[in-house]
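Before any comments, here is the structure.
Please treat every number below as a calculation from the coordinates, not as lab data. Just so you know, these numbers come straight off a predicted model, no measurement behind them. Here the Cβ is made from the backbone with ideal geometry for all residues, glycine too, and neighbour counts use every protein chain on show.
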C-alpha cells in the first residue's frame, strides 16, 4: 500500500467503489480501515460494505431548481447513519430487516 510510504495526512477517494462489489468491496473496506488508523480518509462511496467501515458518515445532497444547483454536506448521527446504510442496501424500500442488516454491518465493521 503506497499510503504507508508517503507522509500524506489526508487521503480522498472519490467513487472508490466503481466496478467492484461483494467480497471485493469488503476487502477494500478493510484496506481503507487500515489506512485510516494512521491517516484521515475521506471516501465517497455507494456501497454499504465500504460505508459501514467508516467512523463518521456525512450525506452529500444536491438540490436543483430551475436556475441553481446547491450541494450540501450534512453530518449523520448514529440513527441517520444506519438509515443511509439501509437505503444503500435496499433502495427506496427500507424494511425492518434491511435496517437490522445495516446495524449488523456497522457492528461487524467495528470488529475488524
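How far apart, in nm, are two points set 7 Å out from the Cα along the Cα-to-Cβ line at residue 34 and at residue 8?
It works out to 1.7 nm between the two label points.
Where both residues lie in the range 2-110, what percent of DSSP beta bridges are antiparallel, nearest 5?
DSSP beta bridges in the range 2-110 are roughly 60 percent antiparallel.
For Rg and Dmax of the Cα atoms in Å, the listed values are (i) 12.6, 35; (ii) 19.8, 59; (iii) 15.1, 47; which was obtained by calculation from the structure presented?
Correct label, based on the coordinates given: (iii).
Full extension from residue 46 to residue 70: what is 0.36 nm times the residue separation minus their Cα-Cα distance, to one decimal in nm?
6.6 nm
May I ask you to order 60-67, 82-89 by the average number of other C-beta atoms within 10 Å around their residues, highest value first?
Result, highest mean Cβ count within 10 Å first: 82-89, 60-67.
Note down the nm distance, to one decimal, between modelled labels 7 Å out along Cα→Cβ at residue 95 and at residue 107.
Going by the 7 Å Cα→Cβ label model, 2.0 nm.
Note down the nm distance, to one decimal, between modelled labels 7 Å out along Cα→Cβ at residue 18 and at residue 63.
2.9 nm
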